[in-house]
Structures are given as structure tokens and as C-alpha cells.
């Protein structure tokens with residue numbers, strides 16, 4: 001055993017410690033600091049670029065949600081008049097701008113009747129569901145499944161309107177409108193649909209006169225609004241006026257089957 005220990009360097013079979021590498025020690029000492037500073041710089045750069053991406057892309061498509069709820073009772077009354085009776089609107093259809101932070105920005109709905117909002121579409125959609133439930137009860141066909149079906153139909157119709165307007169704007173060369181603007185425009189149709197459904201509950205024959213009227217008004221409102229959106233940014237709209245008029249006419253005509261489908265109570 002003594003001989004073995006002597007042959008193994010007196011370590012009893014344990015490997016001898018290797019000589020320390022000065023370069024490894026230097027890297028080991030400086031490693032954590034370099035890693036922390038490197039990751040910090042990279043993380044700051046990554047977060048900075050992500051913030052710029054969020055501001056330049058998500059803000060463009062979603063805008064500021066709080067902007068669409070800056071309304072008051074006077075705005076709601078005047079906006080409903082414009083939606084339900086666009087022929088009586090004697091003012092312009094152009095949104096009002098103001099300088100903010102060195103660039104032009106649109107005024108909120110409370111200061112501009114032509115600004116889109118989400119308060120009226122959401123309230124109109126909620127009214128649409130409530131009136132649908134009341135109508136189902138009056139017809140003796142109310143069930144939770146029937147109300148859920150009507151709710152789903154309303155959401156699907158809203159979604160289809162958003163897709164239709166989005167495709168229309170993109171086709172006409174103006175795909176820069178914020179998404180929430182389009183969601184607001186697509187949801188205004190529930191105001192006329194809800195009123196027509198309410199009239200149907202009390203006097204059924206009048207529904208077939210009231211809903212076509214509101215379909216025409218919704219179509220006119222959307223055409224006037226979309227023309228203002230299209231004329232507000234550089235695009236090829238002026239180069240093909242006849243084609244673009246056909247597209248806008250198609251948007252107006254689609255409101256008839258869309259609103260009739262939404263107004264149909266299925267139990």
C-alpha cells in the first residue's frame with residue numbers, strides 16, 4: 001500500500017489537482033459581469049425595439065381604446081340621428097384634427113360628431129340581445145339555447161361586417177384605418193336593427209317597412225363615412241372613380257340581407 005501510495009503521488013488513488021489556468025480564472029472572474037452587462041444591453045435593446053414595434057404596429061391597428069369611449073349624452077343623441085337619419089345631416093362628414101405632440105391627431109368623439117366610437121355599437125348590440133330575448137319570450141320560444149344562438153348570430157354578423165369593410169378599404173387602396181375604427185363602423189348597424197326588432201314586437205307588419213328604411217340609412221351612413229375615410233389618405237381612389245363607386249354601392253346593398261338576417265328571430 002505504501003508503494004502504491006508513493007506511485008500515485010501519496011494521494012491514495014485520488015487524482016492530483018490540475019494546475020490553475022490563468023486565462024480560465026480571468027474569464028471566470030469577468031464572466032458574470034460581462035454576461036450581466038451584455039444581457040442587460042441586449043435586453044434593453046430588445047425591449048426598446050419591441051416597444052417601438054408595439055407603438056408603430058399595434059397602435060396603428062388597435063389605436064387607443066379609451067379614445068372610443070369619450071362620449072356624453074349629447075354626442076350619443078346626435079350620433080344616433082346621423083346613423084338613423086343620415087339624410088338630415090347638414091354638416092360635413094370629415095373628422096376634425098388637432099395638433100398633438102407635433103403631429104395631427106383626430107379629436108375624440110365628445111368633440112367631433114364624425115369620430116367613431118365604441119359606446120354606441122356596444123350598447124346597441126346589448127340592446128339587440130335583450131330585445132331578441134324579449135321577442136323570443138313573446139313568441140313563446142324563449143330558451144337559453146335560442147338566446148345564445150341569437151347572441152352568436154349577432155357576433156358573427158358584426159365580424160362579417162368588419163371583414164367586409166376591411167376588404168373594401170384594402171381593395172380601394174386605403175388599408176391604413178385602425179381596426180377599432182372599422183369595428184365601430186361595423187357595429188352601428190345594430191342601432192337600426194334593434195329598433196326594427198322592437199317595433200316588430202308591438203306591431204309585426206311594420207317591421208317590413210321599418211327595417212328596409214334603416215337598412216337604407218345604414219348603407220348611406222357607411223358610404224358617406226367610407227368616402228371620407230378613403231379621401232383622407234393617399235390612395236388610388238381617384239384613379240378609378242367608377243369602380244370605387246360600385247364597391248361602395250355594394251357595401252350599401254349588402255346591408256339589406258345583413259340586417260334582415262340579424263333581425264330574424266330564430267327559436
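The values are calculated or read from the model by the stated rules, or taken from the named source; none is laboratory data. Owing to the predicted nature of the structure, the values given are computational and were not obtained by experimental measurement. In this analysis, Cβ positions are derived from the backbone assuming ideal geometry, glycine residues included, and neighbour counts consider all displayed protein chains.
Worth a mention:
- Evaluation of residue 144 against the conditions (1) modelled with pLDDT under 90; (2) surrounded by fewer than 13 Cβ atoms within 10 Å (Cβ to Cβ) shows that the sole unmet condition is (1).
- In region 88-107 there is at least one residue that is within 30 Å of residue 211 (Cα to Cα), at pLDDT below 90, within 24 Å of the chain's Cα centre (by Cα) and surrounded by fewer than 16 Cβ atoms within 10 Å (Cβ to Cβ).
- Listed by position, the helices (runs of 4 or more DSSP H) inside region 119-229 whose residues that are assigned by TED's automatic domain parsing to the domain that holds residue 94, over 22 Å from residue 77 (Cβ atoms) and within 24 Å of the chain's Cα centre (by Cα) number at least 1 are 119-138, 144-171, 179-187.
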